[in-house]
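Rule-based calculations on the coordinates, nothing more; no lab input. A quick note: this is a predicted structure, and the numbers were derived from the prediction, not measured. Positions of Cβ are generated from backbone atoms using ideal geometry, with glycine treated the same way; all protein chains shown enter the neighbour counts.
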Amino acid sequence: MCNLEWRFALAVAAPAMKDFLECTALITGASAGIGREIALQLAPLAGTLVLTARRADRLESLRAEALEINPTLRVFCHPADLSVPAEVDGLCRFLADEALDLDFLINNAGFGDSGPFESSEWAKVERMLQVNVVALTSLCHQLIPTLRHHRPGAILNVSSVASFLPVPNLSVYAATKAYVSSFSEGLRAELRGTGISVTHLCPGPVDTEFQAVAARPGVPGERHAPDFVKVSVEEVARVALRAVSRDRARAIPGLWMSLMPVLLALLPMVLLRLAFASRARPELRPTWRTA
Ligand SMILES: NC(=O)c1ccc[n+]([C@@H]2O[C@H](COP(=O)([O-])OP(=O)(O)OC[C@H]3O[C@@H](n4cnc5c(N)ncnc54)[C@H](OP(=O)(O)O)[C@@H]3O)[C@@H](O)[C@H]2O)c1
């Protein structure tokens, strides 16, 4: 099969979810930041939104905002702690009990932990692994059969630019996001031809509650990212939804961040390791002798 025929075959095999009209979408981590904004941008188009996160009051006020945008929208709020596997299963049971046949799964909930791994609080690390990795994977596993009822259907998994490379002092977080990106690419290939597209979103720094949640009490946080690499939450949600509608494998919002994979491919690993070491342990930074 020539290249052109391949492209044609893939396009036919995987129709993209083009306009989200009347879709039924589940959004995890909808109480704040990127998830909340995705919900607001879907509100004028979607038929049903299912919102989940731990903070029920935030979900309820988002429901009210979404209904103001689109009074015919159906909005379900299901508070759940996704670090608890039984609550992830409870969410899937809720969808089944309410006969909510999803065609769009948005795995957005996630958080980081900023500081050296050695001194991290194990309970927080374990919760992070549960939310960022286990809950995301479990929701894909439990909900793909539902998505299969609809053609086209879509999965959007929120990863990060931290998935591109190891990040000292965010080591576990970056590793969870490397998992999300790798899993999403593999799943995308497996689901080719089923009508379900899989996209992973890799934002760089975005001003949300993420930084405060990642910070450790009494430990100075990571240096702030310069403003020129930051992207607004509205832009992140817009780029993500556009990527899903065009059946893109990966979405990287912002010009600077989208250049990162290219720059990283050009840098030898040995230089990156030196940079990581000096970032993690400032005493290893080169000092210049003055005569
Ligand atoms: N902001 C950034 O710079 C950035 C960059 C790259 C990637 N990301 C990724 O983008 C996604 C969204 O983050 P954000 O920036 O929007 O952060 P955020 O404002 O802190 O929002 C995180 C969302 O995840 C939910 N969540 C956290 N722990 C949860 C748990 N145990 N159970 C259920 N829900 C939970 C939070 O809801 P509750 O607290 O109400 O439960 C909240 O709705 C995350 O996956 C993050 O890793 C963020």
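Which whole-Hz couplings ³J(HN,Hα) result when phi for each residue of segment 176-185 is put into the Karplus expression 6.51 cos²θ - 1.76 cosθ + 1.60, θ = phi - 60°, listed in order with x for Gly and Pro?
Taking θ as phi minus 60°, the curve returns 5, 6, 4, 4, 4, 5, 5, 4, 5, 5 Hz for segment 176-185.
Any chance you could give the angle, 0 to 90 degrees and rounded to 10, that helix 3-13 forms with the longest Cα principal axis of the chain?
In the chain, helix 3-13 runs at an angle near 60 degrees to the longest axis.
Of all trypsin sites (Lys or Arg not before Pro) in segment 203-244, which ones are in loop regions per DSSP and have a Cβ with at most 14 other Cβ atoms within 10 Å?
Filter output for segment 203-244: 223.
Using a basic spin-label model with each label point 7 Å from the Cα along Cα→Cβ, how many nm lie between residue 216 and residue 256?
Output for this residue pair reads 2.7 nm.
In whole Hz, with x marking every Gly and Pro, tabulate ³J(HN,Hα) for segment 238-251 from phi via Karplus 6.51 cos²θ - 1.76 cosθ + 1.60, θ = phi - 60°.
Coupling constants for segment 238-251: 5, 5, 5, 5, 5, 4, 5, 5, 9, 6, 8, 6, 9, 10 Hz.
For segment 37-43, in order, what is each residue's ³J(HN,Hα) by Karplus, 6.51 cos²θ - 1.76 cosθ + 1.60 with θ = phi - 60°, in whole Hz (x at glycine and Pro)?
Each residue of segment 37-43 in turn: 5, 4, 4, 5, 6, 7, 3 Hz.
Once the Cα atoms of helix 85-97 and of the chain are each reduced to a long axis, what angle between those two axes, in degrees from 0 to 90 to the nearest 10, is obtained?
For helix 85-97, the angle is close to 20 degrees.
Sequence-distant or interchain residues sharing an amide H contact under 5 Å with residue 75, placed H: which?
49
Residues with amide H under 5 Å of residue 197's amide H, sequence separation 5 or more or different chain, H placed in the peptide plane at 1.01 Å from N; which?
153, 154, 155
Going by C-beta contacts inside 10 Å, put 171, 182 in order with the fewest on the left.
Exposure proxy ranking, most exposed first: 182, 171.
If you put +1 on each Lys and Arg Cβ and -1 on each Asp and Glu Cβ, how big is the dipole of the chain around its Cα centre, in Debye rounded to 20?
For this selection, approximately 960 debye.
Using the C-alpha gyration tensor of the chain, what are the square roots of 5 times its eigenvalues, in whole angstrom, with the largest one first?
Three semi-axes, in Å: 34, 24, 17.
Exposure proxy check: 122, 256 ranked by fewest other beta carbons within 10 Å?
Exposure proxy ranking, most exposed first: 122, 256.
So if a site counts as exposed when it's one of the GluC sites (Glu not before Pro), its DSSP state isn't H, G, I, E or B, and it has at most 14 other Cβ atoms within 10 Å, what's the longest stretch of the chain without one? Intermediate results must be reported in sequence, preceding the final value.
Numbers: sites that count: 22, 98, 118, 121, 209.
Answer from the scan: 122-208.
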